[in-house]
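Below: the structure, in structure tokens.
The values are calculated or read from the model by the stated rules, or taken from the named source; none is laboratory data. Only a predicted model underlies this, so the values are computations on that prediction, with no experimental measurement involved. Note that we place each Cβ from the backbone using ideal geometry, even for glycine, and neighbour counts take in every protein chain shown. Protein only, heavy atoms only, side chains kept; ligands, DNA and RNA dropped before computing areas. Shrake-Rupley method; radii C 1.70, N 1.55, O 1.52, S 1.80 Å.
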Amino acid sequence: QVQLVESGGGLVQAGGSLRLSCAASTSIFVFKDMGWYRQVPGKERELVASITSGGDTNYVDSVKGRFTISRVITKNTVYLQMNSLKAEDTGVYYCNGNSYGVMIYWGQGTQVTVSS
């Protein structure tokens, strides 16, 4: 069973930085792509950033220039570096991995709270 384990969330002041980590229990090349989603109460889970197996990245407009998704293949880990954090970045961040088949994997989520 593939597992994704997030870490790195916490409380930070506006303008600060956090780095989220997502450690996979297997090689990340089993995933067609991986991403970070954000969810706030009353809203749908939103894709914030993604990275394909080929290394192509994509970001939602609201985080472009502030967030960076990256990976270390030898550690089976995907990161989300979040800089210049804003109050509206607050939410539970989930790591996601989409297989080449029909399986979709999720981590347990990590809370990010940005105080203004």
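Per-structure values
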read-out	value
Only listed residue being at negative phi, under 11 Å from the mean Cα position of the chain (by Cα) and of a type in the set (G, A, S), chosen from S62, S27, S7	S7
Hey, T90 free of Cβ contacts under 8 Å to residues at least 60 places away in the same chain and over 17 Å from V12 (Cα atoms) or not	no
Filter result for L20 (surrounded by 15 or more Cβ atoms within 10 Å (Cβ to Cβ), in contact (Cβ under 8 Å) with a residue 60 or more places away in the chain and assigned to a loop (DSSP other than H, G, I, E, B))	no
Selection count where residues are closer than 22 Å to G55 by Cβ and open to solvent by less than 60 Å² (accessible area, probe 1.4 Å), scope the stretch 84-105	9
Index of the failed condition, V48 passing every other in (1) over 15 Å from Q3 (Cα atoms); (2) more than 12 Å from the chain's Cα centre (by Cα)	(2)
Subset of the stretch 45-87 [part of a loop (DSSP other than H, G, I, E, B), under 19 Å from Q13 (Cα atoms) and polar (S, T, N, Q)]	N83, S84
Residue list for the stretch 106-116, filter: at pLDDT 95 or above and open to solvent by 40 Å² or more (accessible area, probe 1.4 Å)	W106, Q108, Q111, T113, S115
Filtered residues of the stretch 99-116 (kept if within 16 Å of G8 (Cα to Cα), touching a strand residue (DSSP E or B) at 6+ places or on another chain (Cβ under 6 Å) and not in a strand (DSSP E or B))	G107, G109
Out of T77, T57, sole residue that is under 14 Å from L4 (Cβ atoms) and surrounded by 14 or more Cβ atoms within 10 Å (Cβ to Cβ)	T77
Residue match in the stretch 49-60 (condition: modelled with pLDDT of 95 or more, among the hydrophobic types (A, V, I, L, M, F, W, C) and under 16 Å from N76 (Cβ atoms))	yes
